[in-house]
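One structure below.
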Amino acid sequence: MTTIMEESPVTTGATVWLTGLPSAGKTTIAHELAGRLRAEGHGVEVLDGDEIREFISAGLGFSREDRHTNVQRIGFVAELLARNGVLALVPVIAPYADSRDAVRKRHQENGTAYLEVHVATPVEVCSERDVKGLYAKQAAGELTGLTGVDDPYEEPVAPDLRIESQDQTVQESAAAVHALLSERGLA
């Protein structure tokens, strides 16, 4: 009797937290990276901040407390996925360092790999991209509390990787994150 061995999927999990201003390129990079990782056989989930707000954090506003709660919920789901062999790509603004630090701590306590990527696109470039029209609404006085404009964004002091998306293609940005994952034995 001949047994055919099927190639099993790669099961190393980790959370890749992509933080940065609105329209920095976080989600675009995450989706580009997800495609590449899936093609290599990895289980991947993109936990998009907008989708999380709609489905898991519905009812939360944008106060510091609500933003912290939202980030903790996302961090919990990401860690759960990563602990179970999924590469969780998390493109979320997460403007406060203490919120991101709490997510990192949760991962450390559970022995789950966590990488913080700062998509460090300048606010001027984000404003030009204005993917969702937020900067235009803020400039017109229709929106307040825009992260990086009239609400704080605390840049990561020592991220695992800093990407300046305005200086490279989406493919190059995704490749940089992939290289970091490979370097850490996670991809």
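The table below gives the values:
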quantity: Complete set of residues in region 28-37 that are free of Cβ contacts under 8 Å to residues at least 60 places away in the same chain and touching a Leu at 6+ places or on another chain (Cβ under 9 Å); calculated: 31, 34
quantity: Residues of region 124-141 that turn out to be open to solvent by less than 50 Å² (accessible area, probe 1.4 Å) and either in a strand (DSSP E or B) or of a type in the set (Val, Ile, Thr) (or both), as a count; calculated: 1
quantity: Some residue of region 47-70 being modelled with pLDDT of 95 or more and under 24 Å from residue 170 (Cα atoms); calculated: yes
quantity: Condition check for residue 150: of a type outside the set (A, V, I, L, M, F, W, C) and open to solvent by 50 Å² or more (accessible area, probe 1.4 Å); calculated: yes
quantity: Condition broken by residue 89, with the remaining ones in (1) at pLDDT below 95; (2) closer than 17 Å to residue 26 by Cα satisfied; calculated: (1)
quantity: Criterion violated by residue 94 - all others in (1) part of a loop (DSSP other than H, G, I, E, B); (2) open to solvent by 20 Å² or more (accessible area, probe 1.4 Å); (3) closer than 20 Å to residue 72 by Cα; (4) among the small types (Gly, Ala, Ser) satisfied; calculated: (2)
quantity: Complete set of residues in region 33-53 that are assigned to a helix (DSSP H, G or I), surrounded by 17 or more Cβ atoms within 10 Å (Cβ to Cβ) and not charged (D, E, K, R); calculated: 33, 34, 37, 49, 52
quantity: All positions within region 91-105 that are out of contact with any Lys or Arg (no Cβ under 9 Å at 6 or more places or on another chain) and touching a residue at least 12 places away in the same chain (Cβ under 8 Å); calculated: 97, 98, 100, 102, 103, 104
quantity: Per-region count, region 54-72, residues crowded, with 17+ Cβ neighbours inside 10 Å and part of a helix (DSSP H, G or I); calculated: 4
quantity: Condition broken by residue 131, with the remaining ones in (1) over 17 Å from the mean Cα position of the chain (by Cα); (2) modelled with pLDDT under 95 satisfied; calculated: (1)
quantity: Region 156-187: number of residues that are assigned to a loop (DSSP other than H, G, I, E, B) and either crowded, with 17+ Cβ neighbours inside 10 Å or in contact (Cβ under 8 Å) with a residue 40 or more places away in the chain (or both); calculated: 9
quantity: The one condition in (1) under 20 Å from residue 177 (Cβ atoms); (2) out of contact with any helix residue (DSSP H, G or I) (no Cβ under 8 Å at 6 or more places or on another chain) that residue 97 fails to fulfil; calculated: (1)
quantity: From 88, 82, 78, residue being assigned to a strand (DSSP E or B), open to solvent by less than 10 Å² (accessible area, probe 1.4 Å), more than 18 Å from residue 21 (Cβ to Cβ) and not aromatic (Phe, Trp, Tyr); calculated: 88
quantity: Only listed residue being free of Cβ contacts under 8 Å to residues at least 24 places away in the same chain and part of a loop (DSSP other than H, G, I, E, B), chosen from 121, 112, 144; calculated: 144
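The values are calculated or read from the model by the stated rules, or taken from the named source; none is laboratory data. Note that the structure is predicted; figures quoted are calculated from it, not measured. Counting neighbours? That spans all protein chains shown, and the Cβs are built from the backbone with ideal geometry, glycine included. Note: accessible area is taken over every heavy atom of the protein model, side chains too, but ligands, DNA and RNA are not part of it. Shrake-Rupley method; radii C 1.70, N 1.55, O 1.52, S 1.80 Å.
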